[in-house]
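Report on the structure given below.
Read the figures in this text as sums done on the coordinates, not as results from a lab. A quick note: this is a predicted structure, and the numbers were derived from the prediction, not measured. When we count neighbours, we look across all protein chains shown, and the Cβ atoms used for this are built from the backbone with ideal geometry, even at glycine.
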Amino acid sequence: MTRTPIEQRLREQLTRLSDSAASVPREHVPSVVVTHRAPRRPRRLLAAIAVAAVVVTTGAVAFVALRDDKTPNRVRVVGSVGEDTSAEKAIRTAFLGWMNAQPHDDISEYVEDHASILESLRRGMAQHSSAGLAKYSGRVESVQIVDATHAAVRYTILFDGNPSFADQPGEAIKIDGVWKVSRDTVCNLLTNGGITCPPRSTSTTGAGR
Amino acid sequence: MDRSETSDECEDARFAVLYRTQFPVLMRVAFLMTGSNETAEDVVQDTFIRCRSRLGDLEHPPSYLRAAVINECRSVHRRSRRRRVDDQVVNDELPADLVDLRDALGRLPWRQRAAIVLRYFVDVPDREIAEFLACRPSTVRSLIRRGVANLREVLE
C-alpha cells in the first residue's frame, strides 16, 4: 500500500500516543483476570486496597488457585513472569524459527497445525516480492509463561532490520511436549494483510495435547 | 478430575492467554479512541467480562474483541458528550505534540476517528473497516481522507 509522508507520520504518531497509553507500560500486564467485576468504589479507596494487597501478597507463591473461592467478586491469579527458563528458551526458539524461516513457509517445525494455514500463509507471501520477503525477520520481545502449556509472547516483525509490526501479541502452546507458535498468532499477523485463515478443524482445536 | 472440569480449565487457560495477549493492544486502541487511560481500562475490562462466555465459539476472538471495544468506546463517547470537557482525565506526562494529537483525535467525528485508528494503528483493510462501520469501502476512504485532513495541522 502506498503511504504518503503525512500518513506515515500519522502512523508513527498514533503508535507513540498509544505507547503512552496507560498506566499500562508494555510489560505491565495485570496478572489477574477479573471474572466478575466488583461494584465501583471511590478510587482512593481502591488505591488503598491495592497497596494493602501488594503488601500482603509480597513473597507469596505466584500461582494461586482460587477455584473454590465462593465469593462473588473473585479474582483469579493466572501466572507470573519468566519462571521456567528452559520453557522460555524453547518458546523463543519456536518464535524465532517461525519468523526467520527461509523460505517463510518452512514452518512445520515451529507452528501449531501449520498444514491448515499453509495456503493462507502463501497468499500472504504472494503479496511480496521474493527480494522483499528475504528482508523480513523477527525478534522476541518477551515471554510470559501462563501455565504448563500456554505462554504469552510479544514479538516484533522486522523489515530490513527495522520494526515493521512492533510489539505484537502472540501465544505459544505446548503440544506433545513441544512448544509451538499458536495457529492464532500466525493468523492474527496475516489479518494485517487482509488474509483470514480457514476455521480450525475440530480435531486440531485445543492445546497441551 | 472429570472431563467437564478439564474442559473448563482449558477454556480458562485459553481465556487467560487471550486476555494477556490482547489486553495491551486493546488498551492502546481504547486509549486512542477515548483519550483517557482510565476510561480505556474500564472499556477493555468491561468488554472482556461481557464477551467471555462467547469467546470460545468464535472463529477469530481478537477481531471480535477489537470490534466490541470500539463499539463500547462509541457508547462512552455518546455518554461523555453530556459531560463537561474538564471531566476528562488529563495525562500531564504526554509530550505536547501528543497532547495535540490526542485532542485533535478527540475532536474528530466518531466515525472518522474509528476509521483513522483502524487503518493507521491497527492496520485493518478498508473492506473490514467498511463492514464494521456498516458503510461502503469508498465511504471509508472518504472518512479517512477527511480525518487525515483534519489532523494535518497537528501532524505537520
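Numerical summary
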| read-out | value |
| --- | --- |
| Ranked B:73, A:187, criterion: other C-beta atoms within 10 Å, fewest first | A:187, B:73 |
| Point-charge dipole on Cβ atoms (K/R +1, D/E -1) for the stretch B:93-156, about Cα centre, debye to 20 | 440 |
| Average partner coverage of B:93-106, which counts Cβ from other chains inside 10 Å | 2 |
| Whole-Å semi-axes of the stretch A:85-204's equivalent ellipsoid (Cα gyration tensor) | 22, 18, 12 |
| Spherically averaged projected area in nm², based on the convex hull that wraps the Cα atoms of chain B | 10.7 |
| Debye, to nearest 20: dipole size of the stretch A:85-204, +1 on Lys, Arg Cβ, -1 on Asp, Glu Cβ | 140 |
| Kirkwood-Stokes translational diffusion coefficient of the stretch B:93-156, alpha-carbon pairs, 20 °C, 1.002 mPa s, µm²/s | 179 |
| The stretch B:21-72 versus the stretch A:102-163: alpha-carbon centroid distance in Å | 24 |
| Magnitude of the charge dipole, chain B, Cβ model with Lys/Arg +1 and Asp/Glu -1, debye to 20 | 1060 |
